[in-house]
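Below: one structure, written as structure tokens.
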Amino acid sequence: MSQQILAKVEASSLKSEVPAFAIGDTVDVHTRILEGEKERVQIFNGVVIAKSGSGSREMFTVRRIVGGEGVERKFPLHSPKIARVEVKRSGVSRRAKLYYLRDRVGKSVRLREKRDETAGGEGQAKKAAVKKKATAAKS
């Protein structure tokens with residue numbers, strides 16, 4: 001019973017449009033910042049290395065390199081301070097947390113880019129057709 005009450009209370013603070021991104025994606029997080037009475041948007045660009053929590057408590061961690069030093073920031077997903085999250089590049093990840101990137105420097109920090117499934121499927125079909133023609137020509 002208490003879980004249902006908590007779910008109803010949480011529902012009011014959840015964002016209606018949650019951005020779809022995964023671990024390993026390179027994202028731009030547009031954060032609203034108040035300076036005095038002015039409000040501006042600051043962009044934090046980096047790789048999503050972790051997601052945690054659920055509901056209104058859901059958080060994600062973004063890591064980037066600034067001046068040769070690694071910087072990580074945790075953002076609450078449903079916070080009104082987050083204007084939007086923009087996916088720049090999708091990375092292939094076989095782990096839930098990419099904490100091993102903390103030890104890496106330079107090009108080894110980069111993740112493989114996720115391929116488009118539709119283009120990959122067509123390419124495989126073309127390769128199979130070419131291979132079939134080549135074997136038919138030999139015999």
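The values are calculated or read from the model by the stated rules, or taken from the named source; none is laboratory data. Not measured: the values here are computed from a predicted model. With ideal geometry, Cβ positions are generated from the backbone for all residues, glycine too; neighbour counts draw on all protein chains shown.
Residues of segment 42-49 include at least one that is among the aliphatic types (A, V, I, L, M), over 24 Å from R112 (Cβ atoms), at pLDDT 95 or above and exposed (fewer than 13 other Cβ atoms within 10 Å of the Cβ). Of the strands (runs of 3 or more DSSP E) entirely within segment 21-109, those holding at least 2 residues that are in contact (Cβ under 8 Å) with a residue 24 or more places away in the chain and under 26 Å from A7 (Cβ atoms) occupy 38-52, 82-89. The criterion of being loosely packed, with under 15 Cβ neighbours inside 10 Å, of a type in the set (A, V, I, L, M, F, W, C) and in contact with a His (Cβ under 7 Å, 6 or more places away or on another chain) does not hold for L6.
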